[in-house]
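A quick write-up on the structure given underneath.
Nothing in this text is a laboratory measurement; each read-out follows from the coordinates by a stated rule. If you're wondering where the values come from, they're calculated on a predicted model, not measured in any experiment. Here the Cβ is made from the backbone with ideal geometry for all residues, glycine too, and neighbour counts use every protein chain on show.
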Amino acid sequence: MRQKKHWLLTLYGYLMLLLLLLPLVLVVVTSFGSQAAITFPIKGFTLKWYANILSQPDFVTGFKTSFAVAVTASFLAIVIGTPAVYALTRRGIHHANWFQTVFLSPTLIPEIVIGFALFQSLVIGIKLPLMPVLITGHFLLSVPYVIRMLTARLLLFDQTIEEASWLSGASKIKTFFRVVIPNISGTLLAIFIMCFINSFNNIPITLFLNGPSLTMLPTAILNYLQNNYDPTVSAVSVILMLLTGLMMWLMERMNGLTHVNEHLNQKGQK
Amino acid sequence: MQAMQVKHLSMSYEDGKKVLTDINFSVNAGELVSILGPSGCGKTTTLRIIAGLQRQTSGNVAIDEQSIDSVPVFKRNMSMVFQNYALFPHLSVFENVAFGLKQRGIGKTAIRKRVAEILSLTELTDLANHRPHALSGGQQQRVSLARALVVNPTLLLLDEPLSNLDRALRLSLREEIRRLQQKLGITALFVTHDQEESFAISDRVIVMNGGHIEQIASAQTVYAHPATTFVAKFIGFENFFNVTRQVNSDEYLSGEMHLYMAEKTTKPAVRLCIRPENIRFDTSMNTQQNSLNGIICDKTYLGRAYRYVVATDHLGQIKVDSEGATHQLGDAVRLTLPSDKLIALAE
């Protein structure tokens, strides 16, 4: 039902939105300024900073590595997290709450601590190369999202539908792939995108686990800022914003989040 | 021929709570048997154990004398119609019905032919390409029925299939289920809490209560001769008289009142009972067998009849249903309990 909204509340809403978006608008505007330092208001109009991105090898390889790490970590989180959530919601496992807490624990520990712990134990301790440790870190970052969002979706998914499939002659594994997965694929894609964005933009864990041989985009931006204060950083930020925006839009189109939200709303009303 | 037997089936939870106690019954080939009972009586659990969705603590389930306890649910060749339809949301009506045949590795053309047959039998042909969410509740349940029938199951299980539908649909779908079951000669087990539904649809009725079986008999027998007090209460007997002493095999004493039965009882009875609609108001005031005086203390209109509550001098309050509106509160009346309508209960 549509309710008539109070004008003061509407004003407050727009004010908050402005507060959130204003810095982003500033970044977009400064990326087109022709002066060598980031200033506002800008003088002149140029696209050379966008061109400059490509001439910075750190940005280019950083983008590629960050992209690869984000895809791998998100994929692993879903492949490993989905069966776990399925078991937790379906099989009446003992101490299911305890497992839930363990899986969600990466959100409770400061990311910087996770990064340091991984560096200390895996890189210094057992001398693993950086890449697999980095992926592990981003995997840990992603798992809670898989657990949270998929638990909501699977609780919403009527279990008798699976029983109907078993009775129809499909084994439990076949049922999982032919009946459960097709019905939660929208949510899975939404989760993947969510994990990807988080991993791609992550700094705290990444900071500990990159090095001369391994450049990630967020840390490359940080490094660049220490030596240069030109609008190239603004231009990179604009590209990242566009990428994130595109993914959010895709996620909405997949309708994956709507299911989860509906479920949460229903729970709230009870 | 007995198609399915359940022998000494018991089930209890880990905390020791007993759900089923020594359940024994069989379903003959081509027969529709219903399990009738209030919620929590164990009827659905029994059905789910037969399907292989739950495990019993002891006892076994057999198909054609062969125990199937070690057969997993997906190899039992049974079908189930659920209360909430449980259709596959991502598949069309056609694909929903074809699903079971696909799992059995049947060829595409054979599937198409068989599904088309069942869809026309259940009058769903026009909806073949629709998704379940686009259908009404009644249509969804017909799809669910088609999906269950298409595989020609050894046993068709129906778990309160009509409970989510409104009354008119319930009646028509009930007839459709019975028609298809008989036409296809399918053996079926139907779980319901609705007495009328179970009587209308089944060859035999199993009445369950508190995890055990109270009575197994034809609908007519259950209706006319309930075996226990629970069954009698569940199917509409509302007047119960405790037996103080058995005078003869056809004469009982309840308090001061002598009650005569039309038939001799074989087992000693603890209680006699009679339906409200079987009690007569006597206008003649003659002294007859089984008649007694009382005063009307409540009157309610039920639609099909008036419900009178009569405070009697020997048997306490008696409920009487009568079509006439003649009696008023406070009227002195004389009731007769026809001896052929009195039922003796052994427990």
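What's the Cα-based Rg to Rh of region B:265-347, Rh via Kirkwood?
Working: Rg = 13.3 Å, Rh = 13.4 Å.
Checking Rg against Rh, the ratio lands at 0.99.
May I ask you to list the lysines whose Cα is less than 18 Å away from that of A:Lys172, ignoring any residue fewer than eight positions away on the same chain?
B:Lys75, B:Lys102
Taking every Cα atom in chain B, find the radius of gyration and the maximum pairwise distance Dmax, and write them in Å.
24.6, 78
Mind jotting down the three principal axis lengths of the protein assembly as shown based on Cα atoms? Whole angstrom, largest first.
119, 63, 53
Report, in degrees rounded to the nearest 10, the 0 to 90 angle that the Cα long axis of helix B:137-149 makes with the longest principal axis of chain B.
Taking Cα atoms only, the helix is inclined about 70 degrees.
Using only DSSP helix segments of four residues or longer, with each worth -39500 (n - 2.57), what per-residue ellipticity at 222 nm results for the protein assembly as shown after dividing by its residue count and rounding to 500? Don't skip to the answer; put the middle values down first.
Numbers: 21 runs with 280 residues, N = 617.
Result for the protein assembly as shown, helices only: -14500 deg cm²/dmol.
Give me B:Phe99, A:Phe45, B:Phe74 sorted ascending by neighbouring Cβ count inside 10 Å, so fewest comes first. Numbers along the way, then the final one.
Working: B:Phe99 24, A:Phe45 8, B:Phe74 19.
If I rank by nearby Cβ atoms, fewest first, I get A:Phe45, B:Phe74, B:Phe99.
Tabulate in residue order the Karplus-calculated ³J(HN,Hα) for region B:98-111, using 6.51 cos²θ - 1.76 cosθ + 1.60 with θ = phi - 60°, rounded to whole Hz; enter x for Gly and Pro.
Coupling constants for region B:98-111: 6, 3, x, 5, 4, 4, 8, x, 7, x, 4, 5, 5, 4 Hz.
Under a point spin-label approximation (7 Å from Cα along Cα-to-Cβ), what is the B:Asp313-A:Leu15 distance to one decimal in nm?
8.6 nm
Assuming a viscosity of 1.306 mPa s and a temperature of 10 °C, what translational diffusion coefficient in µm² per second does Stokes-Einstein assign to region A:1-109, Rh being the Kirkwood radius over Cα pairs?
Details: Rh = 19.8 Å.
In µm²/s, the coefficient rounds to 80.
Quick one: angle between helix B:167-184 and the longest Cα principal axis of chain B, in degrees between 0 and 90, rounded to 10, please.
Once rounded, one gets 60 degrees.
Give, in nm to one decimal, the length gained when the segment between A:Val60 and A:Lys43 is fully stretched (0.36 nm per residue of separation minus the Cα-Cα distance).
Numbers: separation 17, 0.36 × 17 = 6.12 nm, distance 2.76 nm.
3.4 nm is the gain from fully extending A:Val60 to A:Lys43.
In whole percent, what relative contact order does chain B give with Cα contacts below 8 Å and a gap of six or more residues? Working shown, then result.
Details: 704 pairs, mean separation 56.0, N = 347.
The value is 16 percent.
I want the local charge near B:Phe99. Using Cβ-Cβ distances under 9 Å, sum +1 for each Lys or Arg and -1 for each Asp or Glu among the other residues.
Working: positive: A:Arg178, B:Lys102, B:Arg147; negative: B:Glu95.
Summing Lys and Arg as +1 and Asp and Glu as -1 gives +2.
For the pair A:Ser171 and B:Ser26, what calculated FRET efficiency results from E = 1/(1 + (r/R0)^6), where r is the Cβ-Cβ distance and R0 = 35 Å, to the nearest 0.05?
Given R0 = 35 Å and the Cβ-Cβ separation, E is 0.75.
Given chain B, what percent of its DSSP beta bridges are antiparallel, to the nearest 5?
Working: 54 of 71 bridges.
DSSP beta bridges in chain B are roughly 75 percent antiparallel.
Taking only Cα atoms of region B:1-101, what ratio of Rg to Rh do you get with Rh as the Kirkwood inverse-distance radius?
Dividing the radius of gyration by the Kirkwood radius yields 1.00.
Under a Cβ-Cβ cut-off of 9 Å, what is the net charge of the residues other than B:Gln2 that fall near it, where Lys and Arg count +1 and Asp and Glu count -1?
On the way: positive: none; negative: B:Asp64, B:Glu65.
Spelling it out: positives minus negatives among the neighbours equals -2.
What are the membrane-span-like helices in chain A by this rule: whole DSSP H runs, Cα extent along the axis at least 18 Å, mean Kyte-Doolittle hydropathy at least 1.6?
Values: long enough: A:7-30 (33 Å, 2.39); A:57-90 (49 Å, 1.10); A:130-156 (40 Å, 1.52); A:181-201 (30 Å, 1.42); A:232-253 (32 Å, 1.51); A:256-269 (21 Å, -1.25).
The answer, listed by residue number, is A:7-30.
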